[in-house]
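The values are calculated or read from the model by the stated rules, or taken from the named source; none is laboratory data. If you're wondering where the values come from, they're calculated on a predicted model, not measured in any experiment. Note: ideal-geometry Cβ built from the backbone for every residue, glycine included; neighbour counts use all protein chains shown.
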Amino acid sequence: MVQQMSSDKVEVIAPATIANLGPGFDVFGIALREPYDVIGVKRVSETGVRVAEVTGVGANRVVSDAKRNTASVAAMEVLRKANAEFGLEISIRKGVRPCSGMGSSGASAAGGAFAANLMLEKQLPLSDLVVCAALGEQASSGTLHADNVAPSLYGGFTIIRSYNPLDVIHVVPPPNLGIVAALPDVMVSTKEARGMLPRSVEMRKLVHTVGQAASMAVGMSLGDVSLIGRSASDVIVEPVRAPLVPHLKEAEEAAMKAGAVASFLGGSGPCVASFFDFSISDGKAIGEAVRRVFESKGVKVDIWVDGWGKGCRRV
Ligand code: HSE
């Protein structure tokens, strides 16, 4: 048996993310500070990747078959791209609940790719890791989308400028941009939510969406939280998915009344995400207002009120 040296193991934090942000379906995403997954990898001499254990929130919903697990598929892609002559054992501690709209599979995929990369002598650039992690994400959602894995790897705000070839633009959001992420006790499968998407889009909705998305990107780069808030309207995707999340509209309205600059469906849901300006409030009233909506209907909800976060990093 080969003895493992401590440098043959690494643990990384892979943050939750909110994708779409209103008008940026499959394009925009932002990293949160919390919650996050912790992904550990251990070098082994046999090639291939094995999932040793999955623990934490909703672990029973995560497949441990290495060919279908997002973290192991992503790690495998990294080893393959680097022609690595060793394998990995991977352990996944879920902090991001599956089926949350908070990039749960994306966080595991990003963490799997990031941790595997740390084991290489010659590491791949983050842009390559996004491709590997997106393939991992595909294993769970059925289609390739990179708007969760990109912010989980880079941190801050990311734009998928192009899928073919994959091109990620990374923007540091304003420091005073606050995020309330509310996760009601409802499950939404991304695969199912993607099955509801319209096949074509009316021209007037496209025009509206381009205006919103362009303005949000400008708001992010100029540090204008009010502009970001004014630019979060989604007339294409959220309306068709809204039935998946009971009390979504009431929660959004309550967040706005409590001082949010925008409130929208997080990713494919059921997360309800709101933006606020830290230079005006600490955001707690927004979190409480959303909590009251769900709890008054008998739905349990977890709430995170914080700033945006950094990308994957060593524990
Ligand atoms: N852009 C993806 C979707 C994100 O909305 O289906 C999934 O979290």
> In segment 223-239, what residues are closer than 23 Å to Pro173 by Cα and either touching a residue at least 24 places away in the same chain (Cβ under 8 Å) or crowded, with 21+ Cβ neighbours inside 10 Å (or both)?
Replying inline: Gly223, Asp224, Val225, Ser226, Ile228, Gly229, Arg230, Ser231, Ala232, Ser233, Asp234
> Looking at segment 139-195, which of its residues are in a loop (DSSP other than H, G, I, E, B), within 13 Å of the ligand (Cβ to nearest atom) and among the polar types (S, T, N, Q)?
Replying inline: Thr143, Asn148, Ser189
>> Can you tell me which condition Ala242 does not meet? The list is (1) without any contact (Cβ under 8 Å) to a residue 24 or more places away in the chain; (2) within 15 Å of the ligand (Cβ to nearest atom); (3) over 29 Å from Ser281 (Cα atoms), and all the others hold.
In response: (3)
> With segment 213-315 as the region, which helices (runs of 4 or more DSSP H) entirely inside it contain at least 1 residues that are β-branched (Val, Ile, Thr) and in the same structural domain as Arg199 (by TED's automatic domain parsing)?
Replying inline: 225-230, 238-241, 284-296
> Which of (1) touching a residue at least 60 places away in the same chain (Cβ under 8 Å); (2) surrounded by fewer than 24 Cβ atoms within 10 Å (Cβ to Cβ) is the odd one out, the single condition Ala214 does not satisfy?
Replying inline: (1)
